[in-house]
Amino acid sequence: MDTQELIKLFFAEFGYEDNTRFFFAPSRVNLIGEHTDYNGGYVLPAALTFGTWAIARPRNDGIYRLRSTNFSAKVDCALSEKLVYKKEDDWANYPKGVLYELIKMAGVEQSHLFTGADILFHGNTPNGAGLSSSASIELVTGLSLSSLAGLPVPMLELVKLAQRAENGFVGVNCGIMDQFAIGMGRENHAIMLKCDKLEYSYVPMKLDDYKIVITNTNKQRGLADSKYNERRRECEQGFAQIKNRLLHAQSLGDVGYTEWEKVRKFVVDEVIRNRLEHVISENERVKSAMKSLQKSDLSAFGDLMKRSHESLRDLYEVTGFELDTLYEEASRVPGCIGTRMTGAGFGGCNVSLVKEESVVQFKKSVSENYTSKTTLTPTFYVCEIGNGAREISKVGAEGGIK
């Protein structure tokens, strides 16, 4: 879908097209550091060049009309009524939650600045693939509605606000990595982030003749939410058993591997011990991955990606047959130096580092063998690392809407 088509859709929906403003928030991929964010650990995500666009114009009657090219539900909400989560509002609960948090942040003195808006969303991120389409919607909503209200909000504050909206309004107990990467992304850089303290640095991604290839299993992630919550509880239980022996540690993400080796015997349950083993070793892999990128050692980085997947498979047990099959088939292709599951697991996506000249063969070989073993057809995305959420004067300036 190109710019003019999207403007036509806005006109068809709302009856005008003048004085509109365009905003964009990317999706993200986590290169390494899985299930560490809610444990206060390290992650290494990057913003992508696809994501969610929003075309918006303010109203003066206190009504927000929310529309999407990707979802059928059309939702209107009036500020004269209390903003509440409604199951039937489906995708629109995410922008509603952000609006709720913006008005709450504005307080009595500035809430009058929010006077209503018409907003049309368009995304090219596959829903349910683990690339954070929901966080992309949240950030593009926060940026567009605060801008229309003439109430500039620093990006880091928008990131925190978006997480509060997902946690409190939508009811998804997510960490902050997704919103942070989408709001704070930088072109051709990954972000080394310590999630509990929001300490971060940008790490150059000098890929040379390699490409980031994301492969969607196209498996429904039915177990993801329940198992996600289960893993959180297991980590909390395990950390509680060793915390009093590590007085400096405020979270599991503060526990170094040498310390872990001294206290692991106090975690009697093998399953709980494996969960902690993954988180603590994954933190070490993220730190090693950052050093590898700083030295432009892509081979070492790729090896760490593979070790990450194996830990998620064997210790954290969140991969499943489809993701493991993708991992195995990708690993066999010459030119693929790194591959792993990314996201919550139990479906979703795999991320691989593939030599550019091998991408065509990679897609062909992985697709044929994966389909043969699973009966599912994977979808491939050859990705670039882009900037974070921003207002854009023309949608076409981002290479068009596709």
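The values are calculated or read from the model by the stated rules, or taken from the named source; none is laboratory data. Quantities reported herein were computed from a predicted structural model and do not represent experimental measurements. We place every Cβ from the backbone using ideal geometry, glycine too, and count neighbours over all the protein chains shown.
Before moving on, here are some points about what is shown:
- Put simply, of Lys194, Lys291, Lys262, Lys295 the only residue that is in the same structural domain as Ser331 (by TED's automatic domain parsing), farther than 30 Å from Ser358 by Cα and not β-branched (Val, Ile, Thr) is Lys262.
- Hey, Lys82 of a type in the set (Lys, Arg), under 20 Å from Phe10 (Cα atoms) and not in a strand (DSSP E or B) or not: no
- Residue check, Glu317 more than 23 Å from Arg232 (Cα to Cα) and among the charged types (D, E, K, R): no
- Residues in the stretch 252-265 include none that are at positive phi and in contact (Cβ under 8 Å) with a residue 60 or more places away in the chain.
- Residue list for the stretch 208-252, restricted to those being of a type in the set (Ser, Thr, Tyr) and either more than 23 Å from Asn274 (Cα to Cα) or modelled with pLDDT of 95 or more (or both): Tyr210, Thr215, Thr217, Ser251
- Pick from the stretch 249-270, criterion of a type in the set (A, V, I, L, M), under 29 Å from the mean Cα position of the chain (by Cα) and part of a loop (DSSP other than H, G, I, E, B), ranking: surrounded by the most Cβ atoms within 10 Å (Cβ to Cβ): Val255
- Some residue of the stretch 71-80 being of a type in the set (D, E, K, R), at pLDDT 95 or above and surrounded by fewer than 22 Cβ atoms within 10 Å (Cβ to Cβ): yes
- Scan of the stretch 289-300 for residues that are in contact (Cβ under 8 Å) with a residue 24 or more places away in the chain and either of a type in the set (Gly, Ala, Ser) or farther than 16 Å from Ser201 by Cβ (or both), ordered by number: Ala289, Ser296, Leu298, Ser299
- Here the stretch 270-307 is the region considered, the condition is being of a type in the set (S, T, N, Q) and out of contact with any Gly (no Cβ under 8 Å at 6 or more places or on another chain), and the residue that is nearest to His35 (Cα to Cα) is Ser281.
- Identity of the residue in the stretch 238-248, assigned to a helix (DSSP H, G or I) and hydrophobic (A, V, I, L, M, F, W, C), that ends up farthest from the chain's Cα centre (by Cα): Ile242
- In the stretch 1-23, of all residues being charged (D, E, K, R) and out of contact with any Gly (no Cβ under 6 Å at 6 or more places or on another chain), the one that is nearest to Ile137 (Cα to Cα) corresponds to Arg21.
- Residues in the stretch 354-377 that are surrounded by fewer than 23 Cβ atoms within 10 Å (Cβ to Cβ) and either closer than 22 Å to Pro334 by Cβ or in contact with a strand residue (DSSP E or B) (Cβ under 8 Å, 6 or more places away or on another chain) (or both): 16 in all.
- Checking Leu48, Leu31 one by one, the residue that is within 30 Å of Ser308 (Cβ to Cβ) and out of contact with any helix residue (DSSP H, G or I) (no Cβ under 8 Å at 6 or more places or on another chain) is Leu48 and no other.
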